[in-house]
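The values are calculated or read from the model by the stated rules, or taken from the named source; none is laboratory data. Since we're looking at a predicted model, the values are computed, not measured. As a convention, Cβ positions derive from the backbone with ideal geometry for all residues, glycine included, and neighbour counts pool all protein chains shown.
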Amino acid sequence: MTRGAPPLTRRHLLAGAGGLGVSALAGCAERFWSRAENNGPDQVSLTIKTVPADDDAMASMIVSRFRENVEAAGIDVSPEPITESELYRDVLLEGEYDVFVIRYPGFDEFDDLYGLLHSQFVSEGGWQNPFHFSSVTADDLLEQQRTESGETRRETLAELFEYLAETTPFTVVAYPDRIGGTRQSIDAPAPPQRAIEFIDLLSTAPAAAGDRDGPLTVGIYGDGLTDRLNPIAVDRNRVPGLLDLVYAPLVRRPSESWEGAAGVASAHSPSNAEPVPPEEYVPWLADDVRWDDTGRLSATVSLRPGLTWHDGEPLDADDVAFTFRLLADTSLGTADSGIPAPRYRGRQTLVDTPDQIEVVDGLTLEIPFGTTTAPAAAQFLTVPILPEHIWEPRSELVAERQTRALTTNNDAPVGSGLLEFSEAGPEELVLEPVADHVLRDSVSTNVPAVLDGFPQFEGLRYNLSPNVGTMVDALLAGDVDVTASPLPPEQIESLADDNAISLLTAPSTSMYLIGYNTHHPELGNPNVRRILSRLIDREYIVSELFDGLATAPTTQESLLGYRDGDDRSEPLSLAGFPGTDGELDVERVRRLFDEIGYRYEDGVLLR
């Protein structure tokens with residue numbers, strides 16, 4: 001069984017046998033019985049899934065380089081390009097994959113790892129634990145960091161990253177810069193991604209205001225972008241910012257990377273993923289949040305008076321409490337074990353239980369958080385609020401472990417945001433400003449500074465293109481004001497010679513990652529996952545494929561999703577590329593596999 005066990009660390013010695021993780025032991029058992037039943041060894045084989053090059057050229061090129069090196073290591077590799085919706089289904093719902101490569105939007109805070117890796121989510125769909133990773137040690141550390149702050153939390157997180165570096169459920173290849181283009185009349189510091197960034201653009205007058213009218217037009221590309229406007233489904237709409245503009249939260253996390261968003265900037269860098277103090281969150285539907293940590297942590301949330309849904313129905317505290325109950329169980333108690341929404345699962349677990357949320361009156365709620373610290377608990381309040389009168393009927397069961405809330409396309413979403421859904425077609429999706437929204441009322445107090453001047457445009461129009469080339473053509477033709485879908489570096493040259501276009505580049509927390517299905521008979525072995533994670537030259541990828549417009553991970557934290565990490569983070573020691581300048585040292589790789597008990601025959605790695 002030694003092949004499946006990672007090297008012991010201080011934490012493992014304290015945790016005992018439980019620290020090895022269920023997945024590693026399961027992998028040993030599967031290989032043992034598989035070999036007992038088979039007549040002879042087979043070649044190790046893997047399928048790598050990602051989206052086609054037309055949807056994400058960089059993901060396709062990363063897979064190509066990774067595949068070459070894995071094949072050189074004697075492994076049979078089958079690349080399988082599939083649409084993004086199919087990839088989400090196979091990886092996040094069905095668990096039908098060996099390895100996947102995808103551009104992941106990134107983390108806001110260290111606690112985001114809780115939803116991604118905690119074993120309580122191992123049988124659920126969605127971005128919570130799609131790797132089927134199960135470890136008592138990781139669970140313990142993920143839970144512990146939620147109850148700590150300051151240096152104590154840093155020490156716990158350091159142990160967590162040390163353990164995850166050894167067990168490697170996933171690994172980051174690179175952090176691509178945000179690349180886009182804008183008409184020079186639009187003052188965009190970066191391609192917009194978050195709702196608050198779109199709101200800032202809509203609040204800023206264009207340079208040539210007298211020469212134009214109509215909506216702000218945003219260019220995006222992809223297939224079937226508006227097929228699903230369901231805010232809680234795992235394969236939800238992929239239009240940047242859309243649903244967070246339509247469905248408003250109680251508070252918004254400040255957008256630290258958006259320097260143009262007056263009144264929402266924060267001194268806390270998202271790349272370091274340090275907790276943002278609760279008082280720095282931007283009040284939205286909530287007029288006030290009062291935290292009480294004299295015993296077990298709780299929050300008293302006071303809503304703004306006069307809130308309504310886009311269909312005119314009043315929004316009150318019952319809608320807020322309902323939203324949290326629905327996310328915890330979309331069947332609202334009709335299914336025996338509950339059917340949670342696959343979105344926001346990590347944040348759902350921050351509260352003791354949704355049933356304990358107390359509606360004090362029409363505008364006030366008491367939310368219990370138990371031993372969770374306030375900086376971690378504040379993320380719970382960023383979940384978009386849903387109208388009870390529309391979503392309560394959708395709690396009916398339509399299939400095993402499926403409710404209508406999870407299967408509806410939600411073609412005409414009704415929310416409470418500053419923008420409301422107007423129309424959608426194959427070439428555009430249009431949002432219109434809500435004229436009588438409370439946040440636009442001249443007598444309202446505590447209005448976020450980012451809304452000064454909102455709106456300077458007659459709404460927001462998404463221009464939908466089938467591919468990146470068509471989106472760039474629309475920008476050059478003047479049909480698009482600013483792009484939101486990422487541009488690959490090779491598209492930069494097409495924008496460089498147009499004096500009416502400004503190129504936008506900015507660091508981002510999004511990442512290209514390689515994910516492993518630990519239920520695979522070989523990938524259940526953390527030693528195998530660690531070696532595979534080394535078979536990609538990250539510095540070479542950044543230099544040659546991204547033309548330097550990306551950042552390679554250099555610390556344990558950044559290898560696991562936190563771009564810059566902390567100065568105290570351990571430098572990489574387990575992910576060094578066995579080769580030089582992108583060229584693999586095949587003999588060195590074979591020695592790595594030999595050291596963990598695998599063997600070769602005629603250059604083929606045998607299981």
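Consider the stretch 111-142. How many of its residues are among the aliphatic types (A, V, I, L, M) and part of a loop (DSSP other than H, G, I, E, B)?
1
Kindly indicate the residue of the stretch 355-382 that is touching a Lys or Arg at 6+ places or on another chain (Cβ under 6 Å) and buried (at least 18 other Cβ atoms within 10 Å of the Cβ) and also farthest from Ile232 (Cα to Cα) among those meeting that condition.
Only one residue tops the list, namely Thr372.
For Thr551, indicate whether it is among the polar types (S, T, N, Q), closer than 27 Å to Glu155 by Cα and touching a residue at least 24 places away in the same chain (Cβ under 8 Å). Walk me through how you get there before you give the answer.
On the way: among the polar types (S, T, N, Q): yes; closer than 27 Å to Glu155 by Cα: yes; touching a residue at least 24 places away in the same chain (Cβ under 8 Å): yes.
Considered against the rule, which asks whether it is among the polar types (S, T, N, Q), closer than 27 Å to Glu155 by Cα and touching a residue at least 24 places away in the same chain (Cβ under 8 Å), Thr551 comes out as yes.
What number of residues in the stretch 282-331 are in a strand (DSSP E or B), closer than 15 Å to Pro384 by Cα and out of contact with any Leu (no Cβ under 9 Å at 6 or more places or on another chain)?
Total satisfying the criteria: 1.
Just the residues that are touching a helix residue (DSSP H, G or I) at 6+ places or on another chain (Cβ under 7 Å) and either within 18 Å of Leu250 (Cα to Cα) or among the small types (Gly, Ala, Ser) (or both), please, taken from the stretch 414-453.
Correct list: Val414, Gly415, Gly417, Leu418, Leu419, Glu420, Leu439, Ser444, Val447, Val450, Leu451.
May I ask you to verify whether Glu148 is among the acidic types (Asp, Glu), in the same structural domain as Asp452 (by TED's automatic domain parsing) and either part of a loop (DSSP other than H, G, I, E, B) or out of contact with any helix residue (DSSP H, G or I) (no Cβ under 6 Å at 6 or more places or on another chain) (or both)?
No; evaluated as a whole, the condition is false for this residue.
Which one of these does Tyr512 not meet: (1) over 30 Å from Tyr281 (Cβ atoms); (2) under 22 Å from the mean Cα position of the chain (by Cα)?
Tallying (1) over 30 Å from Tyr281 (Cβ atoms); (2) under 22 Å from the mean Cα position of the chain (by Cα), Tyr512 fails exactly one: (1).
Could you say which residue among Leu504, Leu535 is in contact (Cβ under 8 Å) with a residue 12 or more places away in the chain, out of contact with any helix residue (DSSP H, G or I) (no Cβ under 9 Å at 6 or more places or on another chain) and surrounded by 19 or more Cβ atoms within 10 Å (Cβ to Cβ)?
Sole residue among the options that is in contact (Cβ under 8 Å) with a residue 12 or more places away in the chain, out of contact with any helix residue (DSSP H, G or I) (no Cβ under 9 Å at 6 or more places or on another chain) and surrounded by 19 or more Cβ atoms within 10 Å (Cβ to Cβ): Leu504.
Of the residues in the stretch 507-530, how many are among the β-branched types (Val, Ile, Thr) and either assigned to a loop (DSSP other than H, G, I, E, B) or surrounded by fewer than 22 Cβ atoms within 10 Å (Cβ to Cβ) (or both)?
At the first step, the residues of the stretch 507-530 found to be among the β-branched types (Val, Ile, Thr) are 509, 514, 518, 528.
Next cut, either assigned to a loop (DSSP other than H, G, I, E, B) or surrounded by fewer than 22 Cβ atoms within 10 Å (Cβ to Cβ) (or both) only: 509, 518.
Selection size over the stretch 507-530: 2.
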